[in-house]
Amino acid sequence: MITIEQRAEFRKHFRYNIGRRLIVDKIIKITVLGCVALAVVPLASIMYEVFTNGVAALSVDFLTQVPGAVGSDEIGGIGPAIQGTLALIGLSCLIGVPIGILGGIFLSEYGNNKYGRTVRFFNDVLAEFPTIVIGVFTFVIIVITIGSFSVWAGSFALSIIMLPIIMRTTEESLKLVPVTYREAGYALGIKRSVVVTRIVLTAAKSGLVTGIMLAVARISGETAPLIFTILGSSQFMTGLDGPIDALPLRIWRLSSLPYDSAQTQGWGAAFILIMMIFAINIGVRYVFLRKRGTSMLKFKMFGGVR
């Protein structure tokens, strides 16, 4: 039998533990909120600085017209640069995303051997490579070979930059999927390849999307590889086998001109690039979360799996 003194001692100890945990919980919450503030304040400061310096250049003509002559009163716009940036991002994703995801699957599911360790090592080395070296490499093997700057060359260089980011995030995302998911599939007699593609990848799709968005954000601001691969142009793109313009390249060139109008346009182009990447991230995540929310709603409406 538990005595009254023991019960009182137990209640006292219980209240002490609960009080201590509540205090620790509040400290952790305050610390996390402080870290979030430290991250948001610089970001907000950058956005404010870019917007205030470039708002004078923002207009419909600025977004749709071709660049004007250097030093003239005809300011022009960044229409070709926006078109070229979207083309480069799209084609780079078509090249880099499938290869990166397949590489991440190999490292996670089949890479627990010397071949996997070798691939993982060189993937980490590639992640630290200067992007200008990748631009020079692409210039040598593609631009010189075909004899012209092109969208293909720029996309190839940017896809190389994407690869290590997507491979690493894919590998880590797949490793976070509980092993019981795989064991359940094997217990049902499902092939390993089907388990990986239908079960594991589906469970890790949030991490995959995050990795792809990180890679897209990384390549969207790259300038050095584009100097060696797409060269730049003041006209809209007419094909994939010729020089084009891109926002990072246009910003770099505008910022190097000694004219106030060019400097303002450079700030405006930087703001458009930031908002473009922001819109792509929000759009992709909205589609992803909406589909996940719809699936959960259907699951609840039909009472789950029976």
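No lab work stands behind these numbers, since they all come straight from the coordinates. Everything numeric in this text was worked out from a predicted model, so none of it was measured. Cβ atoms come from the backbone with ideal geometry, glycine included; neighbour counts cover every protein chain shown.
Structure notes:
- Chymotrypsin sites (Phe, Trp or Tyr not before Pro) restricted to DSSP loop in segment 176-267 with at most 16 other C-beta within 10 Å: 236, 259
- Helix 4-54 and the long axis of the chain differ in direction by around 0°, with both axes built from C-alpha atoms.
- Calculated Rg and Dmax of the Cα atoms in Å (choose from [x] 25.9, 96; [y] 18.7, 56; [z] 31.7, 105), label: [x]
- Rounded to the nearest 20, the Cβ-based charge dipole of segment 60-301 about its Cα centre (Lys and Arg +1, Asp and Glu -1) stands at 1580 debye.
- Karplus (6.51, -1.76, 1.60) ³J(HN,Hα), θ = phi - 60°, over segment 247-256, in Hz, Gly and Pro reported as x: 4, x, 5, 5, 4, 4, 6, 5, 5, 8
- Principal-axis analysis of the Cα atoms of the chain puts helix 205-220 at an angle of about 30° to the longest axis.
- Put the Cα centre of segment 165-215 next to the Cα centre of segment 79-107 and the gap is 21 Å.
- Overall, segment 4-57 carries a charge dipole of about 500 debye about its Cα centre when +1 sits on the Cβ of Lys and Arg and -1 on the Cβ of Asp and Glu, all other atoms neutral.
- Here the alpha carbons of segment 4-57 define both size measures, Rg and Dmax, at 23.4, 79 Å.
- Per-residue packing, averaged as other Cβ atoms within 10 Å, sorts the ranges 36-48, 166-178, 190-202 into the order 166-178, 190-202, 36-48, beginning with the highest.
- For residue 242, the residues whose modelled amide H falls within less than 5 Å of its own, excluding neighbours fewer than 5 places apart on the same chain, are 151.
- Across segment 227-233, coupling constants 3J(HN,Hα) worked out from phi with the 6.51/-1.76/1.60 Karplus curve, θ = phi - 60°, read 4, 8, 10, 10, 6, x, 7 Hz, and Gly and Pro carry x.
- Net charge, residue 154 excluded, C-beta distance under 12 Å - Lys, Arg +1, Asp, Glu -1: -3
- Amide H contacts of residue 76 (H built 1.01 Å from N, under 5 Å, at least 5 apart or other chain): 68
- Relative to the longest principal axis of the Cα atoms of the chain, the long axis of helix 260-301 lies at roughly 40 degrees.
- CD proxy at 222 nm, helix term only [per DSSP H run n ≥ 4: -39500 (n - 2.57); per residue of the chain; nearest 500]: -23500 deg cm²/dmol
- As a length-normalised measure over Cα pairs under 8 Å and 6 or more apart, the relative contact order of segment 60-301 settles at 25 percent.
- Listed residues 88, 265, 224: farthest to the positive end of the dipole of the chain (Cβ charges): 88
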